[in-house]
Structure formats: structure tokens, C-alpha cells
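Any read-out appearing in this document is the output of simple, stated calculations on the displayed coordinates, not a laboratory observation. None of the values given here were measured: they were computed from a predicted structure. All Cβ positions, even for glycine, are placed from backbone atoms using ideal geometry, and neighbour counts span all protein chains on display.
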Amino acid sequence: MLKKRFVAYQENKIPSSSLSREYWAYAAEKIGMINTDYGITITEESLAAANAMNTFGTTPEHIGAMQAEGRESIMLVRSSDQRTLSPYLYLLMNQVEECYLLEPERVGKRKEAPVGLTGFGCKYCIKAGRLGFCRVFPLNKRSMPMKVNDIYQHFQRCPLTPADMRNTLRELKRAATKPPLNDRDREFVDQLWMKLGRTGSQITPTG
Ligand SMILES: [Zn+2]
């Protein structure tokens, strides 16, 4: 299983984000796989080195790199989307940025998800280095609209979101159609799944 993924990683098939690629490379090394001129192999030395490695996402270096000040934030909406999206979804998506699942966040349903998995989170919380439910990590495509609503709910209780923003989001949602996402919004949310680097329709457990 992991070997197949490692080969896919080598061929750059998965995943799309550099951190996820870094994660798979790390995961392969962690079980002792090394890439040689003769292909992927496991040696006594690589096994010994693997035993000494920490789980990805648990070392201060990994966490630091993922939360570094000045780290480039990746927005998931473009200004051109304003023409097609509802004012509600457009403003909401402007308050989130792409993020990566870290080891301390792997609780509940997220336990099955690999460290480094892409998601989206509250930009105010991410800037402050907060982890947890201010960030969402969709595990299947069908749950995307629900995840968008989860992040909306976060903004309603987030202490770091400006009160004006919270109120405007609430008003726009109230003024929106029922359900709050129109057809074009739904299409956008569907494409977001792919934008996060997902192939297939769900994330399979780490194995
Ligand atoms: Zn927040």
C-alpha cells in the first residue's frame, strides 16, 4: 500500500501540494524505504535510520515550518469569482486559506486522515497559530457543502474574527437563497475538492 503511494509520489502523481509530497517522502523514509539507482529498496541501514525518526508533523521544525510567519498563504478564491459566486460564499471564502493537517489535530474523524492533508481554515486563527476546529479537512466530496457551513459556524464564534466581518457574513447568509448556496456556488464548492489536490471521491485511511 505505502509502496504504491511512494511510487506514485516519485512519479509526481500524488499529491498536489508540496507539503503533502514532503509528507509522503517522509512516510516512506520512516518505514525504511530509500530510493536508489536500482529502485526503491529497504536496507538494514535505512531501517535503523527510520527507527530514529519522529512522526511527521510532531517535531518543532515541522510545526514551525507550517506556521511560520511570512509563510505564503494560499487563498482558494480569486477576485474574478466575485462575478459568479453569491456575495455570501465569496466573502466567506475570502476569510479562509489553505492549510495542512497537523499531528495534534488528528482527533475524532480526523484520526484516519494523513498528516499533511490539505484543508481550509480561518485566516485569523491560522495567523495566530491556532489549530483544531478553526480548520476543516474534508474527507469526502459529498461533505464539502457541510464543511463550508462548518467554517461559517466557526466565524460566528471565532474570537479573532472582526465583529464587523462576523455580522456581514451573517447578514449575507440570511439574505441568500434557501439553501444558501446557489447552483454556481455548489459548482465552486465541488471544484474546491479538486483544488485541494483530491483525486477520487474520498480520502482513504492511512495504511
Ligand atoms: Zn478563527
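For the stretch 93-98, backbone phi angles converted through the Karplus equation (6.51, -1.76, 1.60; θ = phi - 60°) give residue-by-residue couplings of 5, 6, 9, 10, 9, 5 Hz, Gly and Pro being listed as x. Close amide H partners of C99, meaning residues 5 or more places away or on another chain with modelled amide H under 5 Å apart, are G119, F120, G121. Any idea what log10 I(q)/I(0) is at q = 0.14, 0.15, 0.20, 0.21 Å⁻¹ for the stretch 104-207, Debye with uniform C-alpha scatterers and no solvent? Calculated log10 I(q)/I(0) at the listed q: -0.61, -0.70, -1.14, -1.22. Could you list, in their original order, any pairs among K141/K178; K127/K195; K30/K147; K123/K195; K30/K123; K111/K147 whose Cα atoms are separated by more than 26 Å? In this structure, K30/K147; K30/K123 lie more than 26 Å apart at Cα. Between the beta carbons of Q191 and A52, assuming R0 = 30 Å, the FRET efficiency works out to 0.10 to the nearest 0.05.
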